[in-house]
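Shown next, in structure tokens, is the structure this report addresses.
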Amino acid sequence: MKKTILSIAMAIGFGTAQAGWISYDLDHVKADAKGGSDSQAHYIRAGGSVAGFNTMMQARTASFDGGGMVHSVELTAGKQLGPVSPFVGVGHDLGFNGSKSFQYGLIGVSGGMPIGKLSAYGGAKTRVNWDDHNPKQTVTFVGVSLPITKVLSANVGASKSTQDIKETAYGAGIRVTF
């Protein structure tokens, strides 16, 4: 538990140092594999622009219905190319209950567009593992954001994980823009 709290604090500290926004989302995650355990995933994300690059930090903690938890922290950087932003990054996963931590790389693409008062977004990212025994995962995601005030918005979204980790998630959250 101490490692989880420390990694969240470090990630928030790094992420908010250059933040243009910060968000909190809560997802219900359904395991697609038979015998898998459902979970609730808490996300803290912060992002901004540094030296012309879009940067983001994500801290994710999932608590499983059958007991146990996993925690990961990811840092990414990308460049806006027209309507999309390809990105690369690194991540650290503590493993189930902190049992087998590992690092991984990330590649992906995201994008967004206004639809009336809403902002729609979507993308995909894949873990790039340098150790074959670490789980492989590709996540596709979509969502919409509705402004409530000039700096506060509400989000709803869904995601699908494939490869070794097979899950379907949906949730809601809030975002504050600085």
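Taken over the stretch 11-35, the criterion of being of a type outside the set (D, E, K, R) and either at pLDDT below 55 or open to solvent by less than 40 Å² (accessible area, probe 1.4 Å) (or both) is satisfied by ALA11, ILE12, GLY13, PHE14, GLY15, THR16, ALA17, ALA19, GLY20, SER23, VAL29, ALA31.
Among residues that are surrounded by fewer than 18 Cβ atoms within 10 Å (Cβ to Cβ) and either in a helix (DSSP H, G or I) or modelled with pLDDT under 95 (or both), LYS3 is included.
For the residues SER119, SER63, SER37, SER110, the requirement of being in a loop (DSSP other than H, G, I, E, B) and not basic (Lys, Arg) singles out SER37. Find all pairs meeting these conditions: Cβ atoms under 6 angstrom apart; at least six residues apart or on different chains; first residue within the stretch 98-109 and hydroxyl-bearing (Ser, Thr, Tyr); second residue open to solvent by less than 20 Å² (accessible area, probe 1.4 Å). From residues that are hydroxyl-bearing (Ser, Thr, Tyr), the pairs are SER101/GLY95; TYR104/GLY91. Taking the stated definitions as given, is ILE165 on the phi < 0 side of the Ramachandran plot and exposed (fewer than 15 other Cβ atoms within 10 Å of the Cβ)? Answer is no for this residue.
Looking at the stretch 130-157, which of the residues that are open to solvent by less than 30 Å² (accessible area, probe 1.4 Å) and of a type outside the set (Val, Ile, Thr) is farthest from GLY108 (Cα to Cα)? Among those that are open to solvent by less than 30 Å² (accessible area, probe 1.4 Å) and of a type outside the set (Val, Ile, Thr), it is SER153. Just one of (1) open to solvent by 50 Å² or more (accessible area, probe 1.4 Å); (2) over 19 Å from LYS166 (Cα atoms); (3) not polar (S, T, N, Q) fails for GLY89. It is (1).
If you check GLY48, GLY52, GLY82 for being modelled with pLDDT under 95, out of contact with any Asp or Glu (no Cβ under 8 Å at 6 or more places or on another chain) and open to solvent by 50 Å² or more (accessible area, probe 1.4 Å), only one passes: GLY82.
The values are calculated or read from the model by the stated rules, or taken from the named source; none is laboratory data. What you see is a predicted model; the values in this text were computed from it and never measured. Glycine also receives a Cβ, built like all others from the backbone with ideal geometry; neighbour counts cover every protein chain displayed. Calculation scope for accessible area: heavy atoms of the full protein, side chains included, ligands and nucleic acids excluded. Shrake-Rupley method; radii C 1.70, N 1.55, O 1.52, S 1.80 Å.
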